[in-house]
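The values are calculated or read from the model by the stated rules, or taken from the named source; none is laboratory data. Note that the coordinates shown come from a computational prediction; the quantities given were computed from them, not determined experimentally. Cβ placement follows ideal geometry from the backbone for every residue including glycine, while neighbour counts extend to all protein chains displayed. Keep in mind that these areas ignore ligands, DNA and RNA; they rest on the heavy atoms of the full protein, side chains included. Shrake-Rupley method; radii C 1.70, N 1.55, O 1.52, S 1.80 Å.
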Amino acid sequence: PSAGGSSACVARRDRAGAVVRSVPDAGHRFVFGDGGGRVAVPQQHVATAMAAYAQAEGTQPAAVMLLGDNFYGRLDGGVSSPRWQSQFEDMYPKSRFDVPFYALLGNHDYILEPAGKMEAQLDYAKAHPGTRWTMPSKWYRLEFPHNDPLAPFPLLARTHPTPPHTNPSPTPRH
């Protein structure tokens, strides 16, 4: 820490030779969205790439931030849906990613898919103590690092839940 109490920046070169500036105690974050596909293969590619990157860089993320559209399609069973196990708990195993997953809601989590997904995502951590899934409310704020934060991260979705009947339909061209 510097005299002002915040950590000094460290510069290094990554594998491609680009200069990377980081704050050692701030930790790395993995950030992605649209991860909740109906088919798990693309999501598995992302999870594998995250693990490979962390191993190659010799680091683990301090957190993962999910930017919405966490589940496409139905989430039958809500907080007890088997998709939680296959598309979250097993997809990003605690043995590789023992960090909080800070989740945001996207348009497919609000209304464009069957009802109940938003509520299930908000309630999952309460129903499953010990999970890494973190979504305390629809919108929230994080600070990294937690001690002596460098920057606030407001997590809010720009997505506006619009009732389906008000969505404009495409106008045919003549």
Which percent of the accessible area of the range 54-102 is formed by carbon and sulfur heavy atoms (probe 1.4 angstrom)?
48 percent
Order by accessible surface, 1.4 Å probe, largest leading, for residues Val31, Val79, Val99, Val46 comes to Val31, Val46, Val79, Val99
Give the lysines reachable from Lys94 as a straight Cα distance under 19 Å; neighbours fewer than 8 places away on the same chain don't count.
Lys126
With every protein chain present, what accessible area does Arg74 have (1.4 Å probe, heavy atoms only), rounded to the nearest 10 Å²?
140 Å²
Largest first, how would Lys117, Lys126 line up by accessible area (1.4 Å probe)?
Lys126, Lys117
What FRET efficiency, computed as 1/(1 + (r/R0)^6) with R0 = 25 Å and r the Cβ-Cβ distance, is obtained for Glu89 and Gln55, rounded to the nearest 0.05?
0.75
Probe 1.4 Å, all chains present, heavy atoms only: Tyr72 accessible area in Å², nearest 10, is 50 Å²
